[in-house]
Amino acid sequence: MISDIIKRSKKIVIKIGSNTLSNEDGTINKEFLNKLTFQVSKLREMDKQVIIVSSGAIISGVCSIGKWSRKEDIHYKQALSSIGQVELMNAYLNAFNKYDLTIGQVLLTREDFLDNYRTLNIRNTLFTLVDEGIIPIVNENDTICVEEIKIGDNDTLSALTTNLFSADLLVLLSDIDGVYDKSPKEYDDAVMIETVTNIDELLKNITIGKENYFGTGGIVTKIEAAKKVNKYGIPMILANGKKENILMDLLENKAKSTLFLP
């Protein structure tokens with residue numbers, strides 16, 4: 001079923017989490033990026049339009065300016081994001097250049113999705129980029145964000161972007177295979193749920209667990225992202241981005257994941 005959905009999908013949004021993108025020391029995982037860009041190039045050869053929603057700016061900034069790593073002040077976080085965005089985009093630029101693919105950066109805040117004029121402009125920009133063969137790299141604009149205008153996590157941002165782009169599919173690449181009935185890092189007998197058709201029933205039958213094993217947003221924000229896109233008839237796949245060639249394996253039914261069906 002997942003293979004058929006990917007094959008049918010013309011417009012695909014792929015979200016990359018911080019845990020997936022970075023090494024244990026906080027540096028950008030260049031090997032992962034190289035494999036990701038190879039797979040995206042294959043999707044492009046299949047005449048698919050791809051948008052990437054990427055975390056990792058602040059982590060990249062911390063790696064560049066280690067002396068600020070313990071600073072919790074909002075201004076330091078914004079400054080780290082400013083530095084990290086350059087590092088992050090440079091990594092994507094170098095990776096996609098190998099396949100003669102051009103990228104564009106789109107930085108958004110919550111206000112952008114609440115103002116009709118801004119929303120229309122974002123939509124027009126995204127459509128122009130993909131129509132011209134460019135791959136947009138979307139992230140929250142943490143450099144200027146304060147609590148009042150912050151989206152909060154890139155799971156939510158990817159869902160909002162998916163709906164705005166009228167995409168056919170959202171793929172969340174995390175550091176786990178999918179949704180389990182309970183935390184697999186806390187329970188050895190945890191069972192993965194491969195297909196979800198009713199999110200409200202899912203929430204009644206799973207245990208979230210104490211450990212935040214899904215990065216910044218956690219499993220709850222991923223389920224909420226699925227709910228947001230399912231509302232508009234768009235399926236979502238939650239898969240393990242740490243697995244080599246995960247997108248191609250999903251396309252060939254060689255990997256397990258959780259599929260949220262509208």
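Every number in this text was worked out from the coordinates using simple rules, so none of it is lab data. Because the structure is predicted, anything quoted here is derived from the model rather than measured. Note that each Cβ is placed from the backbone with ideal geometry, even for glycine, and that neighbours are counted across all protein chains shown.
Helices in the chain that qualify as membrane-span-like (whole DSSP H runs, Cα extent of at least 24 Å along the helix axis, mean Kyte-Doolittle hydropathy of -1.0 or higher) are 74-97.
Annotation: for a label point projected 7 angstrom from Cα along Cα→Cβ of Arg44, residues of segment 118-133 with backbone N closer than 15 Å are 129-133.
Taken about its Cα centre, the chain carries a charge dipole of roughly 340 debye when the Cβ of each Lys and Arg holds +1 and the Cβ of each Asp and Glu holds -1. Cβ-Cβ distance of Phe127 and Asp200, R₀ of 41 Å, FRET efficiency by 1/(1 + (r/R0)^6): the value works out to about 0.80. Sorted on the mean count of surrounding Cβ atoms within 10 Å across their residues, most packed first, peptides 46-52, 10-16, 92-98 read 10-16, 46-52, 92-98.
Packing, taken as the mean count of other beta carbons within 10 Å per residue, orders the peptides 176-189, 235-248 from highest to lowest as 235-248, 176-189. Taken along the Cα-to-beta-carbon direction at a fixed 7 Å, the label points for Ser82 and Tyr187 span 4.7 nm. The simple Förster model, with R0 at 22 Å and r as the Cβ-Cβ distance, assigns Tyr99 and Ser166 a FRET efficiency of 0.30. A helix-only calculation puts the chain at -13000 deg cm²/dmol for mean residue ellipticity at 222 nm, using -39500 (n - 2.57) for each DSSP H run of at least four residues, averaged over all residues.
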